[in-house]
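Scroll down for the structure; my scribbles are underneath it.
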Amino acid sequence: MIDIRLVRQDAAAVRAALARRGVDPAEVDALAAADERARELVARRDELRAQVKALSRQVGEARRAGDADRADELAAQSRRLGDELQEVDAEADDAAGSVRERLLWLPNLPSEDAPDGGGPDDNPVVRRWPEQPVTYADHQRVPHWDVAASLGILDLERGARLSGSMFPAFRGMGSRLLRALTAFALDRHADAFEEVRPPTLVRTETMVSTGHLPKFADEAYAVERDGLWAIPTAEVPLTSMYRGEILDEERLPLRLTAASACFRREAGAAGRDTRGLLRVHEFDKVELFAYATAEQAPAVHADMVGRVEGLVRELGLEYRVVDLCTGDLGNSSARTFDIEVYAPGCDMWLEVSSISWFRDYQARRADVRYRPAGGGQPRFVDTLNGSGLAWARIWAALVEVGRQHDGTVRLPDVLAPYLGGRLTIA
């Protein structure tokens, strides 16, 4: 969540920043009014507590002095104030809860460097690889769901029979390719990132910490009986790994990576890009995550983008880097770069990674701080994350790009150590 002190100190600047994201300025005004009301109630509560405490002391003094009438009068006054204190205390708690609720729903302030725009069509492409568009042969212009069906490596029908539509089942070399991609990515990140295998089910407060709740509850899978949620990304548990803790600055940046299954309802995707692996409810992904200081964050962000680009180049896939405009940023993000690969069979650019810098937005929700090396009060960390990589669409692109004249699929040489040297799917 954003720092409420920013609203108190310069509400106009917050309104202007959020207006770039299409947020109604009235929402900031309502937050400011709720915060002012909460602060007034807290001040009144503190005043009443002080008065009740003083009266209690005076009652004791009157009784010791033998002035029973005075003691009774003061005690009655104390009880009246105590009743008022109880009411004001409840009102103050409700008001503070209202402020927090408004903060939880309000998106992050966009980075000054994020381009302005209303949606995906306004996202500028900042670079592509290779610089000249690739020419694809006709045999590569077959969609992956047809290629995979002919080779028996993707069974969408049985996946739907088991779990419903958009739950794919991979078979044979299709399944082994997923495992190889995961091992390949984890090995590439091992030089700087500690590997973690987090739980796949998390508590509500863990989902709140990243900003997935309360706003995106309809997109998530809930295990209501146990009060747990299936993670939409390993970003969720990694963000809360140090929830409520204070780290030493010397440990930052602290980098983590995790491979996990991810679950998303894709509630708004009915009838849109749902063929094959273009949009699925469950997929495997390797996540990159970091805690950093505000000063370290830009370099960490750039390193993550570079790592993801390096993976895609090693896999031989044509890609482009897209700078998300303010109207397309995720709710928690201040700056995001998307990596999109080209799938010739689908004739589409497929998003395979979003690399985001959240500033201290998530850390305030998760209460993750660090102790400055030079002394002073603990500060909230900045959090960053990115897919490194999400495999469903990478798998689809590899199958389409690698398709040969005879219908077989040739996989990138870099995967040979993870496939026992076998690079042809026949």
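Would you please state which residues of the range 232-265 a label at residue 295 would reach in this model, taking the label point 7 Å out along Cα→Cβ and a backbone N cut-off of under 16 Å?
Inside the label zone: 248-254.
Per residue of the range 110-124, what does 6.51 cos²θ - 1.76 cosθ + 1.60 with θ = phi - 60° give for ³J(HN,Hα)? Whole Hz please, x for Gly and Pro, Karplus curve as stated.
Computed from phi, the couplings for the range 110-124 are x, 4, 4, 7, 5, x, 6, x, x, x, x, 5, 9, 6, x Hz.
For a footprinting-style exposure proxy, rank 283, 167, 289 by other Cβ within 10 Å, fewest first. Spell out each step's value before the answer.
Numbers: 283 22, 167 17, 289 26.
Arranged by neighbour count, lowest to highest, 283, 167, 289 become 167, 283, 289.
Relative contact order of the chain, please, whole-number percent, based on alpha carbon pairs below 8 angstrom and at least 6 residues apart.
On the way: 804 pairs, mean separation 84.8, N = 426.
This gives 20 percent for the chain.
Would you look at the GNM of the chain, springs on alpha carbons closer than 10 Å, and say which of 345, 66, 172 moves the most?
66
Report the one residue of 4, 88, 78 whose Cα lies farthest in the direction of the positive end of the charge dipole of the range 4-105 (charges on C-beta: Lys and Arg +1, Asp and Glu -1; origin at the Cα centre).
The one lying farthest along the dipole's positive direction is 4.
With r defined as the distance between the Cβ atoms of residue 23 and residue 422 and R0 fixed at 51 Å, what FRET efficiency is calculated, to the nearest 0.05?
E(calc), rounded to 0.05, equals 0.45.
Measuring from label point to label point, each 7 Å out along Cα→Cβ, what is the residue 266 to residue 225 span in nm?
Once both label points are built, they end up 2.7 nm from each other.
Where nothing but the Cβ of Lys and Arg (+1) and of Asp and Glu (-1) is charged, how large is the charge dipole of the chain around its Cα centre, in debye to the nearest 20? Please report the intermediate quantities before stating the final value.
Numbers: 55 positive and 69 negative charges, 186 e Å.
So the magnitude is around 900 debye.
Can you tell me the orientation of helix 391-401 relative to the chain, as the angle in degrees between its alpha-carbon axis and the longest Cα principal axis, to the nearest 10?
For helix 391-401, the angle is close to 20 degrees.
Taking R0 as 56 Å, what's the FRET efficiency between residue 245 and residue 69 from their Cβ-Cβ distance, rounded to 0.05?
Numbers: r = 56 Å, r/R0 = 1.00.
Efficiency, rounded to the nearest 0.05: 0.50.
Output wanted: per-residue J couplings in Hz (rounded whole) for the range 408-416, from phi through Karplus 6.51 cos²θ - 1.76 cosθ + 1.60, θ = phi - 60°, x for Gly and Pro.
With the stated coefficients, the range 408-416 comes to 6, 10, 9, 8, x, 4, 4, 8, 3 Hz.
Between helix 297-314 and the chain, what is the angle of the helix's C-alpha long axis to the longest principal axis, kept within 0 to 90° and rounded to the nearest 10?
20
Which of rounded, prolate or oblate describes the range 4-105 when judged by the alpha-carbon gyration tensor and an a/c cut-off of 1.5?
Here the range 4-105 falls in the prolate category.
Which angle between 0 and 90 degrees, to the nearest 10, do you get for helix 173-189 versus the longest principal axis of the chain when only C-alpha atoms count?
60
Using a Förster radius of 35 Å, what is the FRET efficiency between residue 313 and residue 371 based on their Cβ-Cβ separation? Nearest 0.05, please. Intermediate results must be reported in sequence, preceding the final value.
Working: r = 39 Å, r/R0 = 1.11.
Computed FRET efficiency for residue 313 and residue 371: 0.35.
Using θ = phi - 60° and the Karplus curve 6.51 cos²θ - 1.76 cosθ + 1.60, what whole-Hz ³J(HN,Hα) does each residue of the range 212-219 get, with Gly and Pro shown as x?
Couplings: 5, 10, x, 5, 10, 4, 5, 8 Hz.
How large is the helix-only mean residue ellipticity at 222 nm for the chain, computed as the sum of -39500 (n - 2.57) over DSSP H runs with n ≥ 4, divided by its residue count, in deg cm²/dmol to the nearest 500? Numbers along the way, then the final one.
Numbers: 11 runs with 174 residues, N = 426.
That calculation yields -13500 deg cm²/dmol at 222 nm.
Can you tell which of 250, 235, 195 shows the greatest fluctuation in a Gaussian network model of the chain with Cα springs below 10 Å?
Of 250, 235, 195, the Gaussian network model singles out 250 as fluctuating most.
Place +1 on the Cβ of every Lys and Arg and -1 on the Cβ of every Asp and Glu in the chain, take the dipole about the Cα centre, and give the residue among 184, 246, 217 whose Cα lies farthest towards its positive end.
After comparing all options, I get 184.
Where is the GNM fluctuation largest for the chain (alpha-carbon springs, 10 angstrom cutoff): 81, 389, 278?
81
Positive end of the charge dipole of the chain (Lys, Arg +1 and Asp, Glu -1 on Cβ, about the Cα centre): tell me which of 281, 325, 14 has its Cα farthest that way.
281
Among 418, 342, 361, which comes first, then next, by fewest other beta-carbon atoms within 10 Å?
Details: 418 17, 342 20, 361 26.
The most exposed by this proxy come first: 418, 342, 361.
Tell me which residues come under 5 Å, amide H to amide H, from residue 389 once H is placed; ignore anything under 5 positions away on its chain.
Under 5 Å from the amide H of residue 389: 286.
Summing Lys, Arg as +1 and Asp, Glu as -1, what charge do residues with Cβ under 9 Å from the Cβ of residue 210 carry, residue 210 excluded?
On the way: positive: 365; negative: 235.
Net local charge, residue 210 excluded: 0.
Work out how far the C-alpha atoms of the chain reach from end to end along every principal axis, then list the three figures in whole Å, largest first.
So the three principal-axis extents are 107, 43, 41 Å.
Bear in mind these aren't lab numbers, they're just calculated from the coordinates by the rules spelled out. No experiment lies behind these values; they were computed from the predicted model shown. All Cβ positions, glycine included, derive from the backbone under ideal geometry; neighbour counts span all protein chains shown.
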